[in-house]
Amino acid sequence: MKLIEVPAVDFDLAITLNSGQVFHWEKVGTGFCGAIGDRAVYVEQCGNVLRAKMEVGALRRRGQQREEMPRPTTTATTPELVHHYFALDHPLAEICASFPRDPIMNAARDFCQGLRIIRQPRWECLATFICSSMKQVAHIRQISRALRQRFGEKKEVCGQEVFSFPPADRLAETTENELRKCGLGYRAENLLTTAKRVALRKVTLDSWNALSDAELREQLCDLPGVGAKVANCVMLFGYERIKAFPIDIWIERVLREKYFPRNRKVTSAGLAEFAANYFGAHGGYAQQYLFHHARMTGKRRRQGRIRRCRARRALGMTQGAGCFILPL
DNA sequence: CTCCAGGGATGAT
DNA sequence: ATCATCCATGGA
């Protein structure tokens, strides 16, 4: 066990890990336990310093004998690994200064000081976000944990069990039914198919890093279970494409209610185009700030939408005829 | 266009 | 405690 300290200015560990970009870190004491790639890590923040402990023990495949492999020697030294994962090299002050100046963005920027977009391993990021579709954060965390416990490698740090995320070839050799046991539902087939493509080298995630944003998005959307939103998440969190602007329900609400309050007819495509132009070169960062701020302070949509729709149908109303019933 | 798949957390009642 | 709603992909 190795204890290290890493300088970390302009950084808030808790906000970063709880902002819906990564789903496997667990609060333990004053810090968090998780994994950076295959390394089990405990990390806590003391002012402008991160204190991290990392397990350097032998690998062991859970529930399955596997020939003893030599410990993979990481090229990065441990402080560099932490520094790189948490993107402590991103010029956060510059990035935040590039956000548009408007009341919504200002509030989000103030609320999320120290939030960074971290660098996630590509496969782990892609697989996790395939599992995220039509799921809420709490669910995604459960799925991530189930996949890791069932198919990942068990590690330990600070007396805590930590499981690494299973590589594609490990998931490729399982079955849809096994994946469904992890709570994936219909996403199991998507994840399995994608894992097989990666395992068989039909898809080479690392080589995709050379592609342009548009080409990368196109390739990602070609994978089953990957639509525009998931593709943008993977671009942002796995490929450091800082301009990628994922639009989920929270962001869509913010855009509609705060930026288009008098225009309920603006389309989703219209919102996406607006966001790409308005939030600038670091749009992905702006999106993460808006997302976290909205989730922490905003409220979910009030109930009754379905009931109203049913009521409208029952009244024999057609599309749009019932607009006057809609809230606001 | 609509509906559905799966399912634990969440909020309203 | 019960119950409807949430979530944002892909296929019918």
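The values are calculated or read from the model by the stated rules, or taken from the named source; none is laboratory data. No experiment lies behind these values; they were computed from the predicted model shown. Every residue, glycine among them, receives a Cβ derived from its backbone with ideal geometry; neighbour counts consider all protein chains shown.
Things worth noting here:
- Wholly within the range A:212-299, helices (runs of 4 or more DSSP H) carrying at least 1 residues that are under 16 Å from the mean Cα position of the chain (by Cα): A:213-221, A:228-238, A:249-254, A:283-297
- When residues in the range A:169-181 are screened for being surrounded by fewer than 22 Cβ atoms within 10 Å (Cβ to Cβ), in a helix (DSSP H, G or I) and more than 16 Å from DNA strand C (Cβ to nearest atom), 5 of them pass.
- Any hit, the range A:262-269, residues being modelled with pLDDT of 95 or more and within 16 Å of DNA strand B (Cβ to nearest atom): no
- Selection from the range A:182-208 of residues that are exposed (fewer than 14 other Cβ atoms within 10 Å of the Cβ) and part of a loop (DSSP other than H, G, I, E, B): A:Tyr186, A:Leu200, A:Arg201, A:Lys202, A:Thr204, A:Asp206
- Of the residues screened, A:Arg119 is one that is within 13 Å of A:Val22 (Cβ to Cβ), at pLDDT 95 or above and touching an Asp or Glu at 6+ places or on another chain (Cβ under 7 Å).
- Restricting attention to the range A:154-200, the residues being more than 20 Å from A:Gly34 (Cα to Cα) and among the aromatic types (Phe, Trp, Tyr) number 1.
Each row is one residue, and each column tells you yes or no for (1) buried (at least 21 other Cβ atoms within 10 Å of the Cβ); (2) touching a helix residue (DSSP H, G or I) at 6+ places or on another chain (Cβ under 9 Å); (3) modelled with pLDDT of 95 or more.
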residue	(1), (2), (3)
A:Met1	no, no, no
A:Val9	no, yes, yes
A:Ala14	no, no, yes
A:His24	yes, yes, yes
A:Gly47	no, no, yes
A:Val56	no, yes, no
A:Gly63	no, yes, no
A:Thr75	no, no, no
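- The range A:124-151 residues that are farther than 23 Å from A:Ile247 by Cβ, paired with ones that are away from DNA strand C (no atom under 12 Å from the Cβ) and in a loop (DSSP other than H, G, I, E, B) (beta carbon under 6 Å, 6 or more apart): A:Ala146/A:Cys182; A:Leu147/A:Cys182; A:Arg148/A:Phe165; A:Phe151/A:Pro166
- Filter result (surrounded by 15 or more Cβ atoms within 10 Å (Cβ to Cβ) and either at pLDDT below 95 or not in a loop (DSSP other than H, G, I, E, B) (or both)) within the range A:27-37: A:Val28, A:Gly31, A:Phe32, A:Cys33, A:Gly34, A:Ala35, A:Ile36
- When A:Thr318 is tested against the conditions (1) more than 15 Å from DNA strand C (Cβ to nearest atom); (2) modelled with pLDDT of 95 or more, the lone failure is (2).
- Contacts under 7 angstrom Cβ, first residue in the range A:204-233 being among the basic types (Lys, Arg), partner part of a helix (DSSP H, G or I), 6 or more apart: A:Arg217/A:Ala231; A:Arg217/A:Met235
- Restricting attention to the range A:209-229, the residues that are closer than 20 Å to A:Ala172 by Cα, in contact with a helix residue (DSSP H, G or I) (Cβ under 7 Å, 6 or more places away or on another chain) and surrounded by fewer than 18 Cβ atoms within 10 Å (Cβ to Cβ) total 3.
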